Amino acid sequence: MARESRKDEIARLERELADLQQMARPDIPSEQLDRLRSEVSQLRHDFYEHMSAWQRTLLARHPLRPYMMDYVRLLFEDFHELHGDRAYGDDAAMVTGFARYHGRPVMLIGQQKGRDTKQRVAQNFGQAKPEGYRKALRVMHLAAKFGRPIFTFIDTPGAYPGIDAEERGQAEAIARNLREMARLPVPIIVTITGEGGSGGALAIAVGDQVNMLENSVYSVISPEGCASILWRDSSKAEIAAEALKITATDLKEFGIIDEIVPEPEGGAHLDHEASAALLGSVLDDSLRKLSQLTIAELLDHRYEKFRRMGQFFDAARI
């Protein structure tokens with residue numbers, strides 16, 4: 001409740017600031033305006049710095065948050081989309097294609113949720129079906145064939161759980177991607193930009209460098225799904241979110257991700273350009289470091305990276 005009242009206070013001060021800015025002449029300095037700007041900035045900083053896991057989950061799902069194609073537009077050139085898995089059809093939830101990054105040919109893969117209702121339905125709210133994962137694998141093999149680094153962008157609540165997806169081999173498609181990505185002989189740079197949900201996210205997340213935006217989440221199950229299983233009550237999602245340790249800070253500490261990408265104050269949804277600039281610097285650094293490795297070193301490091309995840313020791317037996 002205290003956090004909600006603080007959020008309400010920020011909103012009230014922002015409204016006051018907007019009203020004063022409309023009334024004030026730009027050529028006349030205003031002490032009240034300066035004070036309010038400083039107060040709003042400090043309150044906003046404190047609020048977003050100490051958000052709970054559930055609040056970050058809601059921010060990761062914000063409908064105005066930048067999606068894959070926003071980052072493609074802001075960071076890459078000459079994007080040419082590739083369609084179809086050459087077996088069943090094309091899945092609009094999974095976007096793939098060739099592009100150039102600072103003049104270097106690369107391959108892009110990621111989920112796209114859609115902005116309006118029509119787009120969201122067409123792209124199945126970012127939930128890919130087997131043909132989506134097979135399309136992703138097809139273009140990964142193309143990237144390997146032509147020696148192009150792969151950038152993946154993850155933002156999905158999970159793979160589509162419908163009967164049609166299961167009939168066409170959803171689990172097999174995801175499992176095959178995990179195996180094949182582990183041995184692709186090109187750099188793979190993964191970025192979780194919003195939700196990283198379950199196997200639907202992991203199917204394009206086996207990479208050499210795993211980055212995660214500050215207000216994104218990454219988990220084996222959604223907080224609502226976890227609460228429904230443990231307590232038969234999805235309203236306990238907030239408790240589940242804390243227990244699951246799904247935030248970037250938690251996952252960096254556990255060694256699941258490599259880098260936390262900062263967001264503009266208030267979240268990436270407030271400034272797409274600034275968010276892309278912050279991500280761009282991390283992608284630059286990641287690609288430069290990985291490009292210095294031989295193929296053998298790349299594969300060895302990738303294998304060891306994922307083998308280390310989930311290790312634990314029983315102190316009673318040591």
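Just so you know, all these numbers are worked out from the coordinates, no wet-lab data involved. The shown structure was predicted, so the numbers you read here are calculated from the model rather than taken from an experiment. Note: ideal-geometry Cβ built from the backbone for every residue, glycine included; neighbour counts use all protein chains shown.
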Taking a ≥ b ≥ c as the square roots of the Cα gyration tensor eigenvalues, with a/c under 1.5 meaning rounded and otherwise prolate when a/b beats b/c or oblate if not, the range 57-308 comes out rounded
How do Glu242, Glu263 rank when sorted from fewest to most other Cβ atoms within 10 Å of their own Cβ? Glu242, Glu263
Ranked packing of 215-223, 73-81, most packed first, by mean Cβ within 10 Å: 215-223, 73-81
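Once the piece of chain linking Ser291 and Lys145 is laid out straight, how much longer is it, given 0.36 nm per residue of separation minus the C-alpha distance between them? Display every interim value, and only then the final one.
Values: separation 146, 0.36 × 146 = 52.56 nm, distance 1.64 nm.
Extra length from Ser291 to Lys145 when fully extended: 50.9 nm.
Net charge near Ala248, counting Lys/Arg +1 and Asp/Glu -1 over other residues with Cβ under 12 Å of its Cβ?
Numbers: positive: Arg56, Lys245, Lys252; negative: Glu214, Asp250, Glu253, Asp258, Glu259, Glu263.
Taking every Cβ under 12 Å from that of Ala248, the sum is -3.
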Compute the Cα gyration tensor for the range 78-145, then decide on rounded, prolate or oblate, letting a ≥ b ≥ c be the square roots of its eigenvalues: rounded whenever a/c is under 1.5, prolate when a/b is larger than b/c in the other cases, and oblate in all that remain. oblate
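What does the extension gain come out to for His102 and His62, with contour length at 0.36 nm per residue minus their alpha carbon separation?
Numbers: separation 40, 0.36 × 40 = 14.40 nm, distance 2.95 nm.
Working it through step by step, the gained length comes to 11.4 nm.
Go through 105-116, 272-283 and give me the packing order, highest mean Cβ count within 10 Å leading. Don't skip to the end; give the middle numbers.
On the way: 105-116: 21.6, 272-283: 17.7.
Going by the mean number of other Cβ atoms within 10 Å, highest first, we get 105-116, 272-283.
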Pull up the cross-link candidates among the lysines for Lys252, meaning alpha carbon to alpha carbon under 20 Å and not fewer than 8 places away within one chain. Lys289, Lys305
Dipole in debye (nearest 20) - the range 223-318, about Cα centre, beta carbon charges: Lys, Arg +1; Asp, Glu -1: 580
In nanometres, the difference between 0.36 nm per residue of separation and the alpha-carbon distance of Ala277 and Gln311 is 8.8 nm
